[in-house]
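Visitor: Questions regarding the structure given below will be posed in turn.
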2 protein chains.
Amino acid sequence: MDIEEGTPPQRLRALPSRLTNQAALAANRIVDQALAEAGVRRYHYALLAASEEYGPASQAALGRRTGIDRSDMVATVNDLAERRLVERAPDPEDRRRNTVSITAAGRQELTRLDRLLAAAQDAFLAPLGQADRRTLTDLLTRLVDHHRGEQG
Amino acid sequence: MDIEEGTPPQRLRALPSRLTNQAALAANRIVDQALAEAGVRRYHYALLAASEEYGPASQAALGRRTGIDRSDMVATVNDLAERRLVERAPDPEDRRRNTVSITAAGRQELTRLDRLLAAAQDAFLAPLGQADRRTLTDLLTRLVDHHRGEQG
DNA sequence: CACCAACGTTGGCTAGACCAACGATATGAG
DNA sequence: CTCATATCGTTGGTCTAGCCAACGTTGGTG
């Protein structure tokens, strides 16, 4: 009957916070689906990436890098350690800490995930050309940097 | 005292899907806090806005407008009807339907929420000038439009 | 030594976004 | 007119991300 019955009200359509949220929803759907093919979730990728780029580090430090809460980090490391993608070992220099290190298999998996993720980004950004993609990334980076560490 | 220990790995920092998600996190935090002052959540605002802009409509139609699931719509209408911000009445022309209409008090509340939300948007977009805000809104709109109705 | 901070871990909470199924009602095909 | 199909509101789930509080252990400092 009514054409375009799915059009949101103007108030919502113009709301930057909602646009951002809706875009994030779409992005997460695409990314989650891509990662699911490899049997992992976003937290797993984030941890592997941080572990690869910064080398062996404590769970707390990795949490600060990735924004993953200490409590969620426990389960994430559990998962990846079970699959031998990272190793968890007590830090002899500070016995409160676990040292988490990425394994060779972890690096390999990370490379595979990088490819899946690149395709996902492309699907997400499909309607935008290269210049627009750069602009968007720049604007979002400025927003995220501004709000980093505010209360999250 | 490591400097900038919270810096995310490059892989994550450059990932548009993650940037979008982090921005949405910040936006939602700010918006939720603003709405909480008025004792409402995002769903409530969305429903009031749709109800005001499109007039009396069925719950299902409002759900399509706002992206709120039918099942979640029930509770949302319950909440607002309890506070007399909307009215729910059986539709005599189609007895499957409930007609939801915004009340005078609902319009008043909506105006109040509009103000709170405008301030929240400003806080969210603080680091961007007017031109950048328009650019961001445009880019996000194109993304959201492209992905609308894909599987959400 | 006494404190306080940081660590990993357990356990819990919330909201948002979903899905499946039901009975009641409308609609459309034949 | 009948039968199949679709829609509506509603109930009752599920899942996950993002949180927070508290605990015992350990480290560092006064």
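Visitor: Identify all residues within the stretch B:54-70 that are away from DNA strand C (no atom under 14 Å from the Cβ) and more than 10 Å from chain A (Cβ to nearest Cβ); write none if there are none.
Guide: B:Gly55, B:Pro56 - these are the residues of the stretch B:54-70 that are away from DNA strand C (no atom under 14 Å from the Cβ) and more than 10 Å from chain A (Cβ to nearest Cβ).
Visitor: For B:Ala36, which of the numbered conditions (1) assigned to a helix (DSSP H, G or I); (2) at pLDDT 95 or above; (3) not charged (D, E, K, R) fails to hold?
Guide: (2) is the only condition that B:Ala36 fails.
Visitor: What tally of residues in the stretch B:71-120 results from selecting those that are touching a residue at least 40 places away in the same chain (Cβ under 8 Å) and either within 13 Å of chain A (Cβ to nearest Cβ) or under 30 Å from A:Leu143 (Cα atoms) (or both)?
Guide: 10
Visitor: Okay, next question. Which of the residues spanning the stretch A:121-136 are facing chain B (nearest Cβ under 7 Å) and either touching a residue at least 24 places away in the same chain (Cβ under 8 Å) or within 15 Å of the chain's Cα centre (by Cα) (or both)?
Guide: Answer for the stretch A:121-136, where residues must be facing chain B (nearest Cβ under 7 Å) and either touching a residue at least 24 places away in the same chain (Cβ under 8 Å) or within 15 Å of the chain's Cα centre (by Cα) (or both): A:Gln121, A:Phe124.
Visitor: May I pose another question? Filter the stretch B:43-66 down to the residues that are outside any helix (DSSP H, G or I), surrounded by fewer than 19 Cβ atoms within 10 Å (Cβ to Cβ) and at pLDDT 95 or above and list them by number. It would help to see each step written out before you state the result.
Guide: Initial filter on the stretch B:43-66 (outside any helix (DSSP H, G or I)): B:55-58.
Still in the list and also surrounded by fewer than 19 Cβ atoms within 10 Å (Cβ to Cβ): B:55-56, B:58.
If the condition is that a residue be outside any helix (DSSP H, G or I), surrounded by fewer than 19 Cβ atoms within 10 Å (Cβ to Cβ) and at pLDDT 95 or above, then B:Pro56, B:Ser58 are the ones that fit.
Visitor: Being over 16 Å from B:Thr135 (Cβ atoms) and either in a helix (DSSP H, G or I) or of a type in the set (Ser, Thr, Tyr) (or both) is the filter here, so list the residues in the stretch A:121-143 that pass it.
Guide: Within the stretch A:121-143, the subset over 16 Å from B:Thr135 (Cβ atoms) is A:121-124, A:126.
If the condition is that a residue be over 16 Å from B:Thr135 (Cβ atoms) and either in a helix (DSSP H, G or I) or of a type in the set (Ser, Thr, Tyr) (or both), then A:Gln121, A:Asp122, A:Ala123, A:Phe124 are the ones that fit.
Visitor: If a residue has to be assigned to a helix (DSSP H, G or I), buried (at least 21 other Cβ atoms within 10 Å of the Cβ) and away from DNA strand C (no atom under 12 Å from the Cβ) to count, how many in the stretch B:13-33 make the cut?
Guide: 9
Visitor: Tally up the residues in the stretch B:83-120 that are in a loop (DSSP other than H, G, I, E, B) and more than 12 Å from DNA strand D (Cβ to nearest atom), please.
Guide: Result for the stretch B:83-120: 5.
Visitor: Which is touching a helix residue (DSSP H, G or I) at 6+ places or on another chain (Cβ under 6 Å) and surrounded by fewer than 14 Cβ atoms within 10 Å (Cβ to Cβ), of A:Arg88, A:Arg96, A:Arg112, A:Arg84?
Guide: Checking each option against the conditions leaves just A:Arg84.
Visitor: Filter the stretch B:137-146 down to residues that are at the interface with chain A (Cβ under 7 Å from one of its Cβ atoms) and closer than 12 Å to A:Pro16 by Cα and give me whichever is farthest from the chain's Cα centre (by Cα).
Guide: Only one residue fits best here, namely B:Leu139.
Visitor: Looking at the stretch A:30-53, I want the residues that are at the interface with chain B (Cβ under 8 Å from one of its Cβ atoms) and of a type in the set (Val, Ile, Thr) and have a partner that is within 13 Å of DNA strand D (Cβ to nearest atom) and in a helix (DSSP H, G or I) with Cβ atoms under 9 Å, at least 6 apart or on another chain. Which pairs are those?
Guide: What qualifies is A:Ile30/B:Ser17; A:Val31/A:Arg42; A:Val31/A:Tyr45; A:Val31/B:Ser17; A:Val31/B:Arg18; A:Val31/B:Asn21.
The values are calculated or read from the model by the stated rules, or taken from the named source; none is laboratory data. None of these values were measured; they are calculated from a predicted model. Every residue, glycine as well, gets a Cβ built from its backbone with ideal geometry; the counts of neighbours run over all protein chains shown.
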